[in-house]
Amino acid sequence: MKIAVKYSGLVIEPDGTVAGHDAGATLVRRLLRVFPGAELIAPQVHRYPNFDVLPLEMIDAEETVVINMDVIDSAGVWMTLKEQTERPKLMNFMWWNWTRHDSDVELATLSLACALFPTFANSERTAKAIGEYVRRWTIPRLAERARISWVNLGIRLEHLQPRHEPERPVVLYPAIYMSERKQPQRFIEVVSRVAKRAPIQVQARLTEAHLVSPQAMALSRNKWAWVGPLTPSRQQYWEALASTTAFLATAREETYGLEYIEALLAGAVGIFPDKDWARALVPEGYPFFYRDLAQAESMLLRAVTDTAACRAEMDRAAGGSLVEWLGAHHDDDAFETSIAEHVERWFGR
């Protein structure tokens, strides 16, 4: 049994590495690690040292399981594979936020894809949401047969770098997009208030398209803020996290929240909105959840002026060590083992 991965955002460097720091690119690299020799699906044929790139029409549909990271087009992918075999092997990988789709056509299409084909989700929240959409948008006969499973994406502890405390506390904008769902204006409002009360440096590392967004331009005009491109490598990304004092999350919704977990792991004090998605990431009793922007300001001010005490509170909530708790509850080995087991369970002979 062979594996092929379909991801419409795929970008490959000339040396054959999958480019990008976004979650999609990171997950493609993980899948290549889990399934050595897997093929990637893209319009043009290309041979690289560690994988081949093939158009969907050239995939050996008889022997290959296609893991579709785009999901919404799964019915069309199945029809293409059906031209080669009576029993195409296709599974959905639901790793992104479903709330980006808001039209009836998109929601019905997405729900139908998850009802028709086995679906592996990036978190329990995503899996539950998919199940609800399938029941709401498809007929009972399909909803009852839906196969949906999940595991948290997890983190790799070996990426950790030694802490380096900055001279001026660094507050991170914990996203690479300034999209509406992330509510960047709320972030800017809070850090602007804190910057009047304490010396801080705000850092925002964004994708190229979002560097010129109105919110990014507004933030960059402040002398205490730095807005720039993504770090060139994962090592530099982790080195930057090791010098981060705190972050302020303002997203309305997240399916998982890998960047927040990575920042917590690196020692940053995380300030979260009091929402279910955020509480799912951290231990019960975690001390820094805000209900309004005034609370967010107060918590962030304390995080940059009394950082050691805040970290101690986070550790106590975790039963001694937040890093150890995160390692136990967000282990990427569990993801790699689980997705391989589900491919075998759903398609193995």
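All of the numbers you see were taken from the coordinates with simple rules; none came from a lab. Because the structure is a prediction, the values reported are computed rather than measured. Don't worry about glycine lacking a Cβ; one is built from the backbone with ideal geometry, like all the others, and counts go over all protein chains shown.
Computed over neighbours whose Cβ is under 9 Å from that of Gly154, the net charge equals -3, Lys and Arg +1, Asp and Glu -1. Residues whose amide H comes within less than 5 Å of that of Leu206, counting only those at least five positions distant or on another chain, are Gly228, Leu230 (H built at 1.01 Å from N in the peptide plane). DSSP finds beta bridges in region 157-329, and of those with both partners inside it, around 0 percent are antiparallel. Each of (i) 21.5; (ii) 19.6; (iii) 20.6 is a candidate for Kirkwood radius over Cα pairs in Å; the one calculated from this structure is (i).
At 222 nm, what value in deg cm²/dmol follows for the chain if DSSP H runs of at least 4 each add -39500 (n - 2.57) and the sum is divided by all its residues, to the nearest 500? When only DSSP H runs of four or more count, the value is -12000 deg cm²/dmol. Computed from backbone phi, the HN-Hα couplings of region 257-272 come to x, 4, 5, 5, 5, 4, 5, 4, 4, 7, x, 6, 7, x, 9, 10 Hz, rounded to whole numbers (Karplus: 6.51 cos²θ - 1.76 cosθ + 1.60, θ = phi - 60°; Gly and Pro given as x). Evaluated over the Cα positions of region 157-329, the convex hull gives a direction-averaged projected area, one quarter of its surface, of 9.2 nm². For region 203-208, 3J(HN,Hα) computed residue by residue from phi via the Karplus equation (6.51, -1.76, 1.60; θ = phi - 60°) reads 10, 9, 10, 10, 5, 4 Hz, glycine and proline entered as x.
Label point 7 Å out from Met58 along Cα-to-Cβ: which residues of region 24-39 have amide N under 14 Å? Under 14 Å, as judged by backbone N against the label point of Met58, lie 39 of region 24-39.
For Lys223, the lysines whose Cα falls under 20 Å of its own Cα, not counting residues fewer than eight places away in the same chain, are Lys196.
The charge dipole of the chain, taken about its Cα centre with unit charges on the Cβ atoms of Lys, Arg (+1), Asp and Glu (-1) only, comes to about 760 debye. Between Asn222 and Asp104, the C-beta separation translates, for a Förster distance of 41 Å, into a calculated FRET efficiency of about 0.50.
For region 157-174, putting each phi into the Karplus relation 6.51 cos²θ - 1.76 cosθ + 1.60 with θ = phi - 60° gives couplings of 5, 5, 6, 4, 10, x, 5, 9, 6, x, 5, 10, x, 9, 10, 9, 7, x Hz, in residue order, rounded to whole numbers and with x for Gly and Pro.
How charged is the neighbourhood of Leu241? Take every other residue with its Cβ under 10 Å from the Cβ of Leu241, and add Lys/Arg as +1 and Asp/Glu as -1. So the surrounding residues net to -2. In this structure the amide hydrogen of Asp331, modeled in the peptide plane, comes within under 5 Å of the amide hydrogens of Ile155, none closer than 5 places in sequence on its chain. Taking amide H positions as modeled 1.01 Å from N, with prolines and chain starts lacking one, the residues under 5 Å from Lys2 and 5 or more places away or on another chain are Thr64, Val65. Placing unit charges on the Cβ atoms only, positive for Lys and Arg and negative for Asp and Glu, gives region 157-329 a dipole magnitude near 600 debye about its Cα centre. Extension gain for His159 to Gln84 (0.36 nm times residue separation, less C-alpha to C-alpha distance): 22.8 nm. Excluding Leu322 itself, what net charge comes from residues whose Cβ is under 10 Å from its Cβ, given Lys and Arg +1 and Asp and Glu -1? Here the count lands on -1. Of the residues Leu248, Gly319, Leu157, the one whose Cα sits farthest towards the positive end of the charge dipole of region 157-329 is Leu248 (charges of +1 on Lys and Arg Cβ, -1 on Asp and Glu Cβ, taken about the Cα centre).
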